[in-house]
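First up is the structure itself, then whatever we jot down about it.
The values are calculated or read from the model by the stated rules, or taken from the named source; none is laboratory data. Keep in mind that this is a model prediction, so the values were computed, not measured. Cβ sites come from the backbone with ideal geometry, for glycine too, and all protein chains shown count toward neighbours.
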Amino acid sequence: MTKRLIGLTGGIATGKSTVANYLASAYNLPILDADIYARDAVSINSPILAQIAERYGKEEILLPDRNLNRAKLGEIIFNQHEERQWVENVIHPYVRNCFLKTINESSVNTLVLVIPLLFEAGLENLVSEIWVVSCSAEQQKQRLIQRNNLTHEQAANRINSQLPISEKIARADVILDNSSTLESLLQQVDEVIKRI
């Protein structure tokens, strides 16, 4: 039987985690999260963290406990396009391999792959359907500022580093509109998940 592999994506702070948590709790679906794999990729003593430290300097990019200084790396990659591309080119293959390994080892028929950079990383071929969570640009910016305690400029840089939400919507099989209430969003998920 062919697996149903739902690629859950959207812009930063549009509500992907809310949808993923609901799919896990209400439908008991396994969630595979690109962000978790990406964090594993740069864990202490990993080869990828060593590459990043070599490029940017250990003193600059590592915390005293030898963990990655995410804030510092964020400042670099969200202000320099070439550096963001370099970091993504180092991390994305690792993330892809984690997904493939988990999909192949899973006996479950439906899996949810939460991949914020699904299109940007060229990972569309991993999934059988693409769900995009969206909201208005202003809501997205406000949610990001509140959630991550960012300035307007920092939030704009992070949003602009991703493919525009309109392009993601154009390539989606399912569009979940998160510009209204939580109840409305979860109702949309219920309707879509029942379509087999």
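A few points about this structure:
- Considering the conditions (1) under 16 Å from the mean Cα position of the chain (by Cα); (2) at pLDDT 95 or above, Thr102 is excluded by exactly one of them, (1).
- Highlighted here would be helices (runs of 4 or more DSSP H) found entirely within the stretch 35-88 that include at least 3 residues which are of a type in the set (Ser, Thr, Tyr) and modelled with pLDDT of 95 or more, but there are none.
- Among the residues of the stretch 141-173, those identified as closer than 19 Å to Arg84 by Cα and small (Gly, Ala, Ser) are Ala155, Ala156, Ser161.
- Selection count where residues are in contact with a Pro (Cβ under 8 Å, 6 or more places away or on another chain) and part of a loop (DSSP other than H, G, I, E, B), scope the stretch 12-34: 1
- All positions within the stretch 137-196 that are in a loop (DSSP other than H, G, I, E, B) and among the basic types (Lys, Arg): Arg171, Lys194, Arg195
- When the stretch 48-84 is limited to residues that are in contact with a strand residue (DSSP E or B) (Cβ under 9 Å, 6 or more places away or on another chain) and in contact (Cβ under 8 Å) with a residue 24 or more places away in the chain, the one that is surrounded by the most Cβ atoms within 10 Å (Cβ to Cβ) turns out to be Ile52.
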